[in-house]
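Scroll down for the structure; my scribbles are underneath it.
The values are calculated or read from the model by the stated rules, or taken from the named source; none is laboratory data. If you're wondering where the values come from, they're calculated on a predicted model, not measured in any experiment. Reconstructed Cβ throughout: ideal geometry from the backbone, glycine too, with neighbour counts over all protein chains shown.
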């Protein structure tokens, strides 16, 4: 393991820990959200940035995690710990089924198939309104949101747990992409024929990537629901599938650290510009166009291209 | 804050700019000081800050614009008449994009960044439900103007109140007798496949059965739908009354296609004005609705015997006798709902005065002061009419109207007094801890 | 309503959907096929078509003349706008597929916000130039042989028939343009092989700008045609984009006939499936069906298998 890689990623986590003590309360809360959403983006990036599969349906995995956690939590009184695991399991199972079907396709067809499955999943949430309360969603009772004795309604605990989840996802992603498994994924992205000739089972590797990516997304969804006490169908809508794509492209596809900066950038772009003008979408739109013009590899990608060639 | 600049070029940038903006805000506030000087107590002359969660973009934007205009008009009036506890009222507006995720973030921004005294003004149910848990955790009084049943159903919390607009359950209960007596016993309901639509379906079916009527078909329309004709054949032939309540930008299409479907022979039609709120009733394609009935929270067109309160309220917002903007008669308001903003702001004022509200440390006292409110007489503060607030369920009750569309305008044919809109309590928030 | 007339009504409605969808998807397919980029802002060109139709029709005094003015002017305005966007942004990205997605998302935000500021959040209608309700007959098999009946609710409007006809005419024109003219030949050559086309002296940059403008113009035309049926609203582009995107892929990349067939299939199946199931369930089934078509025929209906 490369020392600079450890130093960089460990340094980010250490910085986030320091920020816990110094940030003003509003930004402290924002960063907790950003870290959870960054887990979603990291999961998305494993599939998109490393394996080269562009999914437009990842909201279904995020929502599967959220509802897989929230439904037994709300209706069956399952504890937060088990409910969280149930969320990840639901997302993983869904990813397995979707992967088995969707991986028969390539390129744009893969985009559409994942988009369609995700849309169907969203409509199913509405159809099962008797249990899900449809678009309105469910409120998870604050008194029950206790994980291993830690009160999830407490902002400090929430921040540290978000940091813990983020650290876990970041290091898992780092570990994965530096293992032979990750190398094969990159090989598949760069040249599937050659990877096949070398004797790798492309389908199984891709399927594994879909499932892992889905479980990361599901973990983020389950955590988001638990931490902020709300489970809603808007998290399964199309735009919530486009966000991780945007985050990853902005932060730098195919970098482990990039997705975090993509989420951070996008969050504050909206937050700050909406404070300056009601027409904040205009600013966001112009910023996106400028970014693609002048930082085509995304933030971390640009850093890698110019200075840090070793960035994983 | 300066420490955050260590994280590198771009990510820290927002934080720094944010700090600069806060400074700029402080500068602007200082420049505005002379304006406040006319308020008496120097040490407590800082404004009362109300965070207005506005649907400026997204699917709720058509309503959001009018909620904003009503809010600004009410705040202006309150300030002209001495403010709240001698302090000016300041509205801090944040767009939530009609999205529950952003809604919760906006509530945090209100509490932790803008340091508002209360949050207020949310309309769409899913945004309310997504935001309320955070408001509860932050112990921020959250006054919603949503007409959803979520507050009174007990699914929210002690910090969330709806004192300015009635909820869908009481509205529907009030309409059932009129439909059964006047229009017919066999009803087909058409509603969006949203929780909001399901509330209509469930409460109205129940209320209709109590009136000896029957809902013979329930047609739930998927929310993303843009054309509707294919669903109309599901309407049974023996239908006496069609009950419709649609929301979103496709409602005009819905009504128009319903007209084209039935042609000259149609059953009686009763709808919630939600289907055509902020829409000009003389728009092409709506001729078909001539002679049909609507629920209205507050009559859009000036009625005979108009109260002074209604006259003053229209003048304050800048509306003509057709409920449209004085500047542009085609710019029609969300008249049946937006009075809720006006009345809620006045309830906040009254509550703060009763609680002797001095700052965020008195937020709990404010909630308690509102909880003990009951009677709200018809007045300039309550132009829609007399209200009765139920502190246990955090929900207000008021009169409801049935209007008939004739010659391109709506005229009230029946007013249901508020006593006929009650239902048994489903929650007692006052028993919950803060 | 009886089953038969219900099915016929649903099919007719499906045909109207298909007509508008085919126009819009043909534009997307052209851009996709020739330039190999996904234009996420395509739905916003459709929205602009509808919104500008409201504006132009209003300025021209409304009624039939107003509508005709919008029909002529609006697609040209939107096409010019798209050409400008191509020159200012896409060309500078060298049409890189991923960067184009982000850039067109940016353009989507910009156009939506401009529409919200300039036009407002309301849904507003444009009066159709003509609109007659046409009741339709149905043949029942009575005791004494076939009987002509006029079932309750079975009807269409003259304007909806006009939309179907107009879309068919424009698509036929587009097909002629692509197959019978020099400019069409140039476009097809660029589509087949960009480098070779360039060496043969085809100004690829100008062809791209033209294609992008033509695609946007088709979307805007679809927007103008739909606005007397469905109102103009600043968020209407989203769902339309998704549907036309699906049509393009199902039809097979860059195949105009495939796009047309897919539009008709999706429009009709959406209508017909709604006869058999409750509305939301019907949407789910239709959505999954589309996904499964691609799963088992990934190259689309008319596309050739890859490699």
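Descriptive notes on the structure:
Here's the yes/no breakdown for (1) crowded, with 23+ Cβ neighbours inside 10 Å; (2) under 25 Å from residue C:40 (Cβ atoms); (3) within 17 Å of the chain's Cα centre (by Cα):
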{"position": "A:90", "(1), (2), (3)": "yes, no, yes"}
{"position": "A:113", "(1), (2), (3)": "yes, yes, no"}
{"position": "A:118", "(1), (2), (3)": "yes, yes, yes"}
{"position": "A:134", "(1), (2), (3)": "yes, no, no"}
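- The one condition in (1) in the same structural domain as residue B:143 (by TED's automatic domain parsing); (2) in contact with a strand residue (DSSP E or B) (Cβ under 7 Å, 6 or more places away or on another chain); (3) not in a helix (DSSP H, G or I) that residue B:269 fails to fulfil: (1)
- Contact map, the range B:265-277: residues that are surrounded by fewer than 20 Cβ atoms within 10 Å (Cβ to Cβ) paired with residues that are in a helix (DSSP H, G or I) and modelled with pLDDT of 90 or more, Cβ distance under 7 Å, separation 6+ or inter-chain. Pairs shown: B:268/B:183.
Residue by residue, here is whether (1) away from chain A (no Cβ under 14 Å); (2) part of a helix (DSSP H, G or I); (3) on the phi > 0 side of the Ramachandran plot; (4) surrounded by fewer than 18 Cβ atoms within 10 Å (Cβ to Cβ) holds:
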| position | (1), (2), (3), (4) |
| --- | --- |
| C:108 | no, yes, no, no |
| C:111 | no, yes, no, no |
| C:116 | no, yes, no, no |
| C:122 | yes, no, no, no |
| C:126 | yes, no, no, no |
| C:147 | yes, no, no, yes |
| C:153 | yes, no, yes, no |
| C:167 | yes, yes, no, no |
| C:171 | yes, yes, no, no |
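Results for (1) surrounded by 22 or more Cβ atoms within 10 Å (Cβ to Cβ); (2) modelled with pLDDT under 95; (3) assigned to a strand (DSSP E or B), shown as yes or no for each residue.
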residue	(1), (2), (3)
B:382	no, no, no
B:389	yes, no, yes
B:396	yes, no, yes
B:420	no, yes, no
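- Qualifying positions in the range A:126-151 - within 11 Å of chain B (Cβ to nearest Cβ) and either in a helix (DSSP H, G or I) or in contact with a strand residue (DSSP E or B) (Cβ under 7 Å, 6 or more places away or on another chain) (or both): A:126, A:127, A:129, A:130, A:132, A:137, A:138, A:139, A:140, A:142, A:143
- Sole residue being assigned to a helix (DSSP H, G or I) and touching a residue at least 24 places away in the same chain (Cβ under 8 Å), chosen from C:72, C:78, C:38: C:78
- Restricting attention to the range C:90-109, the residues that are more than 24 Å from the chain's Cα centre (by Cα) and without any contact (Cβ under 8 Å) to a residue 60 or more places away in the chain total 5.
- On inspection, residue B:168 fails the criterion of being without any contact (Cβ under 8 Å) to a residue 60 or more places away in the chain, closer than 25 Å to residue A:123 by Cα, out of contact with any strand residue (DSSP E or B) (no Cβ under 8 Å at 6 or more places or on another chain) and within 13 Å of chain C (Cβ to nearest Cβ).
Rundown of residues vs (1) out of contact with any strand residue (DSSP E or B) (no Cβ under 8 Å at 6 or more places or on another chain); (2) within 17 Å of residue B:143 (Cβ to Cβ), yes/no style:
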site	(1), (2)
B:394	no, yes
B:400	no, no
B:404	no, no
B:411	no, no
B:420	yes, no
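- Selection count where residues are over 19 Å from residue A:227 (Cβ atoms) and within 18 Å of the chain's Cα centre (by Cα), scope the range B:97-137: 11
- Search result, residues across the range B:179-234 that are part of a helix (DSSP H, G or I) and within 14 Å of chain C (Cβ to nearest Cβ): B:195, B:197, B:198, B:201, B:229, B:230, B:231, B:232, B:233, B:234
- Selection count where residues are within 23 Å of the chain's Cα centre (by Cα), within 12 Å of chain C (Cβ to nearest Cβ) and modelled with pLDDT under 80, scope the range A:257-312: 0
- Residue under evaluation residue C:30, criteria (1) surrounded by 21 or more Cβ atoms within 10 Å (Cβ to Cβ); (2) within 14 Å of another protein chain (Cβ to nearest Cβ); (3) modelled with pLDDT under 95; (4) part of a helix (DSSP H, G or I), criterion not met: (2)
- Lone unmet requirement of (1) more than 19 Å from residue B:403 (Cβ to Cβ); (2) within 11 Å of chain C (Cβ to nearest Cβ); (3) in contact (Cβ under 8 Å) with a residue 40 or more places away in the chain for residue B:240: (2)
- Wholly within the range A:1-120, helices (runs of 4 or more DSSP H) carrying at least 2 residues that are in contact with a strand residue (DSSP E or B) (Cβ under 8 Å, 6 or more places away or on another chain): A:59-75, A:80-102
- Residue in the range A:21-43 that is over 13 Å from the mean Cα position of the chain (by Cα), away from chain B (no Cβ under 11 Å) and surrounded by fewer than 19 Cβ atoms within 10 Å (Cβ to Cβ) present: no
- Every residue from the range B:217-242 that is surrounded by fewer than 17 Cβ atoms within 10 Å (Cβ to Cβ) and within 30 Å of the chain's Cα centre (by Cα): B:217
So that you can scan it fast, the table gives a plain yes or no per residue for (1) more than 10 Å from chain A (Cβ to nearest Cβ); (2) buried (at least 19 other Cβ atoms within 10 Å of the Cβ); (3) in contact (Cβ under 8 Å) with a residue 24 or more places away in the chain; (4) in contact with a strand residue (DSSP E or B) (Cβ under 8 Å, 6 or more places away or on another chain):
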site: C:254; (1), (2), (3), (4): yes, yes, yes, no
site: C:257; (1), (2), (3), (4): yes, no, yes, no
site: C:267; (1), (2), (3), (4): yes, yes, yes, no
site: C:270; (1), (2), (3), (4): yes, yes, yes, no
site: C:273; (1), (2), (3), (4): yes, yes, no, no
site: C:277; (1), (2), (3), (4): yes, no, no, no
site: C:285; (1), (2), (3), (4): no, no, no, no
site: C:297; (1), (2), (3), (4): no, no, no, no
site: C:303; (1), (2), (3), (4): no, no, yes, no
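- Count of residues meeting criterion [surrounded by 17 or more Cβ atoms within 10 Å (Cβ to Cβ) and at the interface with chain A (Cβ under 9 Å from one of its Cβ atoms)] in the range C:60-91: 1
- Qualifying position, being at pLDDT 85 or above and in contact with a strand residue (DSSP E or B) (Cβ under 9 Å, 6 or more places away or on another chain), among C:157, C:169: C:157
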